[in-house]
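S.K.: One structure, pasted below without further comment.
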Amino acid sequence: MRKFLPILAVACAAAFALSACDQGEQKQEAAVEQQKPAKVPLPANAADKTAWKQYLSAVVTDNMQGVKSNRPYMYFVPAGEDDTAKTDRANQLDNVKTTVSRGVLPGNMMAFGGPDSAATAQLVVDAFKDAQPGSFKDVVVLFIGAPADGETVKQALAASAADVRFVEAK
């Protein structure tokens with residue numbers, strides 16, 4: 001009987017300790033779920049740059065698997081045929097070409113998106129046309145747009161050895 005009471009006490013203490021651990025895990029899981037940002041819907045207005053940038057940021061955040069850097073290179077490509085949109089796209093193209101010519105360290109991400117999927121794809125194709133073969137090995141290039149344009153981007157970047165990822169804008 002003397003040996004039985006200490007064993008019973010240890011068993012009860014272990015049961016209480018394990019139940020406390022389980023409650024801690026449940027609280028931690030609930031906190032992680034609360035920290036996840038709400039899904040940002042695809043903006044209906046192509047001219048709303050703020051809404052588009054928020055949408056693209058949310059998509060990029062959801063697709064950071066395997067990326068070692070906390071700050072991806074994000075490029076918003078505006079839609080429209082007015083002079084301002086054309087100038088903004090030309091400036092963005094120059095910016096991306098400079099980045100491509102300098103190179104991006106492995107483990108980083110370059111993300112592209114905008115309201116006009118075809119214009120975004122064309123910008124990516126133009127920016128990477130002079131990239132050296134294999135120069136983007138282990139760099140993730142995320143394209144957010146239409147499936148047909150995603151295939152165009154994949155084919156254009158094949159020689160660069162980039163890890164091209166596609167997310168349909170929806």
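Quick note: the coordinates plus some simple rules give every number you see, no bench work behind them. Just so it is clear, the structure is predicted and the values come from calculations on it, not from any experiment.
S.K.: Rg to Rh for region 49-168: what is it, with Cα atoms only and Rh by Kirkwood?
M.R.: Reported Rg/Rh, Kirkwood definition of Rh: 0.93.
S.K.: Of the listed pairs Lys68/Lys137; Lys129/Lys154; Lys53/Lys170; Lys49/Lys170; Lys97/Lys170; Lys53/Lys137, which have alpha-carbon separations greater than 22 Å here?
M.R.: Working: Lys68/Lys137 14 Å; Lys129/Lys154 12 Å; Lys53/Lys170 14 Å; Lys49/Lys170 16 Å; Lys97/Lys170 28 Å; Lys53/Lys137 27 Å.
The answer is Lys97/Lys170; Lys53/Lys137.
S.K.: Starting from the amide H of Arg165, placed 1.01 Å from N in the peptide plane, find each other amide H under 5 Å away whose residue is 5 or more places distant or on another chain.
M.R.: Under 5 Å from the amide H of Arg165 lie the amide H atoms of Val141, Leu142, Phe143, each far enough along the sequence or on another chain.
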